[in-house]
Structures are given as structure tokens and as C-alpha cells.
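To start, the structure under review is shown below, and the notes come after it.
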Ligand code: SF4
Ligand code: SF4
Ligand code: SF4
Ligand code: SF4
């Protein structure tokens, strides 16, 4: 008797919980008839202000082309740090504060990944241009985009006060982060889980004078760190920087520290705040070289193992990763509720139940998304494993370095080191060639100036 | 020089470099070409589907703008012009006066004007509206559902990832073409019908 009453009560609660919201949230019926006005009242129009005109987007493209060309000109032809700096300030003002940091080349990676796997999405022309153009320029002139055009780079560059050199071991370890970030960003965009680069952009809050609290804290600490570790986001996070790094190594022309020939005077040694200057090797004895070859052989053998291993780890991470997708997390909540493990409904589950969509459909969707995450996890994991191996191989296969030169991958073409070179000072007419030659042999500080 | 034997002759290295450069250049060009074929010259903008929205109030606080780009709009073609408006008055408000304490809108953004007996017109002052959707919830639950939320494109920055979209519990947000930037209810929806 009591049991059945409880049962009836349960049914009632159930009906109330599920049917009532269904009733009020499904397409609302016309509860009150539309009035027939006797007076000459006319219904006002619903105003629909239009988005920013497409023509203005073309201005953005124009500014981008102009800025990239100027940056390359300043870095290669003029070798002028001052002009690069001024252009950087302009880019910060235009792409950062005026255009509020959107859309940027870094974020465009995600639109590109998204369109590949979601053919229904028509990718806007501006986004393509912002993605492709800096890559093309980098393939020809090095990372001049980073030097003077990227607003994220600019805001960090503006706070470089007392840069310190990061120990090379730490640098090597941290240098893997951008690859992981790139892999995850592509994975999330491709599966439709969202654009994490935009979500965790630490500086966008400054451009818009507002963001949520956590992001403001993150941005602040990033800038604070940036006063002593120059451009931390660029060097240890930026996923677009990964692509630029690859292309810059292949660049047709790249800035060099000296306009002439390096005489190993060491004056520029500490001048790069980003640790992008390669020092000449001390002569390596023959034996170590052979040891290196042996190590290399071992590496080639373990390479497939590392690839498979990290691929496997990546695919195993599908459960926590796929929870970043709204559909999967919704399905998990529904599952919890249906199994009675949770009694309180969330807004999301309420909305889902009100929509009248069958649960099986949701679960099927969630399953296929999880499957995508598994496959994607293999690929991303394998990619990161490959990067690790290549980095190790790179450590053993270093090209012989006989003079001071920029590391083409890491160098941002910012032009800071130019003025340290005595031959640059000759070029600028500050000192005579004889003085410059002497500087090489004696440890004389050149007359220094900085923009 | 100890490593002489390992050195690749300069000429050959140059050749390899140049070929790799060309191949990569062509690859980028190819990617660009494919992307262009999938592109539209039109921007995509964010909009919320009012038929899915559950008026959870997240829209008012999650926009990157200090004052959300989402505002309430009113479909006059659907409105019953009720005296006892469930979007305007607090539920259970006994007196149908226009005092702030009996209004549903926390910022007093809805203006009520007498049209003719027994009809009242409700208009929204967007400068005051904070996009909380309280009125829309009221109207949707007990009225015709003529009050609803929309992302207003004179304010929206069109972020690459809308920060409301990813927090919306009902997944009501989507990218729409810039030429059809609103998802409207009632007769007004004809405004953006594709011809
Ligand atoms: S590394 Fe990334 S964030 Fe830094 S300047 Fe280059 S593109 Fe911008
Ligand atoms: S131009 Fe010189 S200072 Fe600037 S990043 Fe390159 S190596 Fe460093
Ligand atoms: S977040 Fe989504 S459900 Fe909540 S009010 Fe906005 S559109 Fe509606
Ligand atoms: S796109 Fe940006 S500005 Fe527009 S509603 Fe979303 S968060 Fe707000």
C-alpha cells in the first residue's frame, strides 16, 4: 500500500520534472490571440543591425599584406631595429587594440582544421589569408611576421625589460610544449569540441579591456614573466610558431647578425633575448663523433617504438579529452542521471530533455565523437613522438657551426642583435673598418645603441 | 677538420635545400588552393537559436564584452499585447503597476505603452537590457514567446570562438552567414529567408 503510494508519488515527480518543462519549453503555442487593433496603430519594425561590413575585412587583409612587406623590408634591406619596433607598435595598436585581436593567424589554424573535417562550414576568405600569408612570407624571408606583425608577439615584446638566457636543457624541454599545444588545438577543432587557442589566449583580455578573472590572472603573469623571459608565449606555447619555425628554416633569405663576414668577435653572443644565436662549436674530437653515430643508430631503432608508444598514450587519453566536447559531457551527465547516480538535473540536461531528442541518438553521437578522439589521439600522440625523436636526432646531427649566426627556426628577425656587430656599425658609418677589425682581436665594447 | 667525410658537398646541399623549399612552397600553395575552393567571401558570425535557448542567463555574463552583445528582442508579430504580460510583470505581482518592484526586468529595460483598450505595447531599450533573458523566460513559459534573446551585431565583436557559445548549456549557438545574421521568430523571420 505504502509502496504503491510512494510509487505513485515518484511517477508524479517524474511527470512534473520531465513533462512540465517539456510543456513550457517546446515551441510555444500561441496562448494569446494576436490583437485586432481598432486604432491606426502599426506594429514597429524589429531592428536588425548588420555585422561589420565585409569591405572592412578587406582593409584588414590589405593592412596585413602591407605590414608583412614592410616588416621584411625593414629586416632585410634596412636592417633597422627602430623601424621594426615602430611597425610592431602599429600592429599592436591595429590588430590588437583596434581589431580586438580577432581573427589572428594563430587562431586561424583551428578554422582550417575545422573546415577540413566539417565540410558544411564555409571558411571566410580573411581567415584563409591570415593563415596562409604569414606562412608564405616566412618561407621567403623568415619570421618577420613574428617580429613586427603578430599582435600577441608585439604585446610581449613591449614588456621585454631584463631578458635572461634560459638554460639550454630547460629550453629544449619547454620547446616541446608548442607541438603538444598544436596537436591538441587541431584535435579539438577537428572534432568540433571548440577552439582552445582562442579560449586560452592569455592576451585577448588586454585587447578588449575585459576577460574573465582567471584569464586576466594568466595574462598578467605571462606579461610579468615576459619581463625576464622574453616572449614566453611565443617560445614555449605558440602553436603557429611551430609552423613558422619549420618554414623559417627553409626560408629563401634569412636575416643574419652581420651584414658582412663574422670574425667571431663574440660581441653579439648575449644580444638575443630569445636565445636564438648559435655559437661556433669548439672543435669536436673524432671519437665523440663516432659515439654520436652509434647513438644515432640506436635512436633510429627505438623510433618506431616511441612513435607507437606515444600514439597509444594519446589514444588512451580519449576519455578526459573528449569530455571537452559538449555532446560527450552532456551524454555522460544524462547517463549519470538515468542510472540514478545523480538526482539533480543541470541546465544542460534539462534543455536536452526538453528538446525531445531521443537519448539513443545522443549516445550514438557521443560515441562517434569519442571514436574520433581515439583515432585523433593516435595521430596527435604519434606526431608528438615523432617530434621528440627528431629533436633527439637533431641534438646528435648538429651541423658544424663555424661562426655566430642566427638559429633560423627560433630567430624572430627582430633585429636586436644587428647593432652589436662591429661590421654593422661600419655599415652605418659609426666606426671605421679598421676599428671593427680591432674589435675582433681585442675585447672592446662597441658604441652601443638600442631602439 | 675531423668531420670532413660526413660533410655533404655545398652544391648538393644547396640543391636539396632548394628542392625542399620548392616542394614546401607548392604544398602551402596547394593547401591555400583547397581552402579557397571551400571558402566563401562572406564572414560567418555567431547567433543563438531562440527556439533552442532555455534562457539560462549565461548570455548576460559570459560575453567578452563588459556589457553583453546579447539583448532581448521583441517579435511584435507574435505578441498578444497583453495587459498582464508574463514577460514584463513579476509572477504573482498583484497590482499591475509599472513600479520597479513588480517588473521582471532587473534593469527596467522594458517600456510599456498603452495602445488601446486592452492592449499594451512593450518595447525594449537595448541600452538598458543586460541580456539576462528573464523576460524571455517569462514570456516563453506563460505567454506567446514573443520576447527572446538575440546576439546584436552592432555590438558583437564576432570572436573566432564566441565565449558564450562554448558555455551555452543548450548548445543554441552556431555560426551563421553574415548576410543572414539573425534567427528571428514570427513573421519577422521572413526578413532573412533565402530567396
Ligand atoms: S611566435 Fe606566435 S605569438 Fe609569437 S609572434 Fe610568432 S606567431 Fe605571434
Ligand atoms: S634578429 Fe637577432 S636578436 Fe632578434 S631574434 Fe633573431 S637572433 Fe635574436
Ligand atoms: S547561454 Fe544558451 S541557453 Fe543560456 S541564455 Fe544564452 S543562448 Fe540561451
Ligand atoms: S562573439 Fe564575442 S562579442 Fe559576440 S556574443 Fe560571443 S563573446 Fe560576445
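The values are calculated or read from the model by the stated rules, or taken from the named source; none is laboratory data. Note that this is a predicted model, so its numbers are computed, not measured. Neighbour counts are summed over all protein chains in view; Cβ atoms, including those assigned to glycine, are modelled from backbone coordinates with ideal geometry.
For the reader, a short list of remarks on this structure follows.
- Evaluation of residue A:376 against (1) buried (at least 16 other Cβ atoms within 10 Å of the Cβ); (2) within 30 Å of residue B:137 (Cβ to Cβ) (one fails), failing number: (2)
To keep it simple, each residue is scored yes or no on (1) surrounded by fewer than 17 Cβ atoms within 10 Å (Cβ to Cβ); (2) at pLDDT 85 or above; (3) over 15 Å from residue A:439 (Cβ atoms).
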| site | (1), (2), (3) |
| --- | --- |
| A:257 | no, yes, no |
| A:262 | no, yes, no |
| A:267 | no, yes, no |
| A:280 | yes, yes, yes |
| A:284 | yes, no, yes |
| A:289 | yes, no, yes |
| A:294 | yes, no, yes |
| A:299 | no, no, yes |
| A:303 | no, yes, yes |
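- Cβ-Cβ under 7 Å pairs, at least 6 apart or on other chains, the stretch A:329-353 side at positive phi, far side at pLDDT below 90: none
- Number of positions in the stretch A:383-421 that are more than 16 Å from ligand 2 (Cβ to nearest atom) and away from chain B (no Cβ under 14 Å): 13
- Restricting attention to the stretch B:138-159, the residues being over 23 Å from residue A:42 (Cβ atoms), touching a strand residue (DSSP E or B) at 6+ places or on another chain (Cβ under 9 Å) and more than 16 Å from ligand 4 (Cβ to nearest atom) number 2.
- Only one of A:308, A:362, A:296, A:321 that is within 29 Å of residue A:407 (Cβ to Cβ), more than 16 Å from ligand 2 (Cβ to nearest atom) and either within 14 Å of another protein chain (Cβ to nearest Cβ) or touching a residue at least 12 places away in the same chain (Cβ under 8 Å) (or both): A:296
- In the stretch A:88-112, residue farthest from residue B:46 (Cα to Cα) [restricted to those that are more than 13 Å from every other protein chain (Cβ to nearest Cβ) and more than 13 Å from ligand 1 (Cβ to nearest atom)]: A:89
- Wholly enclosed helices (runs of 4 or more DSSP H) of the stretch A:126-232 bearing at least 2 residues free of Cβ contacts under 8 Å to residues at least 12 places away in the same chain and away from ligand 3 (no atom under 16 Å from the Cβ): A:168-174, A:213-226
- Scanning the stretch B:62-73 for residues being away from ligand 4 (no atom under 11 Å from the Cβ) and either more than 7 Å from chain A (Cβ to nearest Cβ) or assigned to a loop (DSSP other than H, G, I, E, B) (or both) gives a total of 1.
- The set of residues from the stretch B:26-58 being within 9 Å of chain A (Cβ to nearest Cβ) and within 14 Å of ligand 4 (Cβ to nearest atom) comprises B:43, B:44, B:45, B:53, B:58.
- Applying the criterion of being within 14 Å of chain B (Cβ to nearest Cβ) and farther than 20 Å from residue A:239 by Cβ to the residues of the stretch A:125-175, the residue that is surrounded by the fewest Cβ atoms within 10 Å (Cβ to Cβ) is A:140.
- Being farther than 30 Å from residue A:428 by Cα and touching a residue at least 60 places away in the same chain (Cβ under 8 Å) is a description that does not apply to residue A:72.
- Residue in the stretch A:235-242 that is within 16 Å of ligand 4 (Cβ to nearest atom) and either under 14 Å from the mean Cα position of the chain (by Cα) or at pLDDT 95 or above (or both) present: no
This table checks each residue for (1) under 27 Å from residue A:69 (Cα atoms); (2) in the same structural domain as residue A:140 (by TED's automatic domain parsing); (3) more than 14 Å from ligand 1 (Cβ to nearest atom); (4) in contact with a strand residue (DSSP E or B) (Cβ under 8 Å, 6 or more places away or on another chain).
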{"residue": "A:211", "(1), (2), (3), (4)": "no, yes, yes, no"}
{"residue": "A:219", "(1), (2), (3), (4)": "no, yes, no, no"}
{"residue": "A:233", "(1), (2), (3), (4)": "yes, yes, no, no"}
{"residue": "A:243", "(1), (2), (3), (4)": "yes, yes, no, no"}
{"residue": "A:262", "(1), (2), (3), (4)": "no, no, yes, yes"}
{"residue": "A:267", "(1), (2), (3), (4)": "no, no, yes, no"}
{"residue": "A:281", "(1), (2), (3), (4)": "no, no, yes, no"}
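- Residue B:162 vs. criteria buried (at least 18 other Cβ atoms within 10 Å of the Cβ), facing chain A (nearest Cβ under 10 Å) and away from ligand 1 (no atom under 16 Å from the Cβ): yes
- All conditions in (1) in a helix (DSSP H, G or I); (2) at the interface with chain A (Cβ under 8 Å from one of its Cβ atoms); (3) free of Cβ contacts under 8 Å to residues at least 60 places away in the same chain hold for residue B:189, with the sole exception of (2).
- For the stretch B:141-154, the tally of residues that are closer than 17 Å to residue A:51 by Cβ and more than 15 Å from ligand 3 (Cβ to nearest atom) stands at 2.
- Total residues in the stretch B:122-152, condition farther than 20 Å from residue B:47 by Cα, at pLDDT 90 or above, facing chain A (nearest Cβ under 10 Å) and not in a helix (DSSP H, G or I): 1
Residues are listed down the side, and each one gets a yes or a no for (1) under 30 Å from residue B:145 (Cβ atoms); (2) modelled with pLDDT under 90:
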site	(1), (2)
A:18	yes, yes
A:36	yes, yes
A:40	yes, yes
A:56	no, yes
A:69	no, no
A:79	no, no
A:113	no, no
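- Comparison of A:395, A:390 shows that the only residue that is closer than 25 Å to residue A:139 by Cβ and away from ligand 4 (no atom under 16 Å from the Cβ) is A:390.
- Residues of the stretch B:166-186 classified as over 30 Å from residue A:346 (Cα atoms) and within 9 Å of chain A (Cβ to nearest Cβ), total: 3
- Some residue of the stretch A:415-423 being within 16 Å of ligand 1 (Cβ to nearest atom), in a loop (DSSP other than H, G, I, E, B) and crowded, with 22+ Cβ neighbours inside 10 Å: yes
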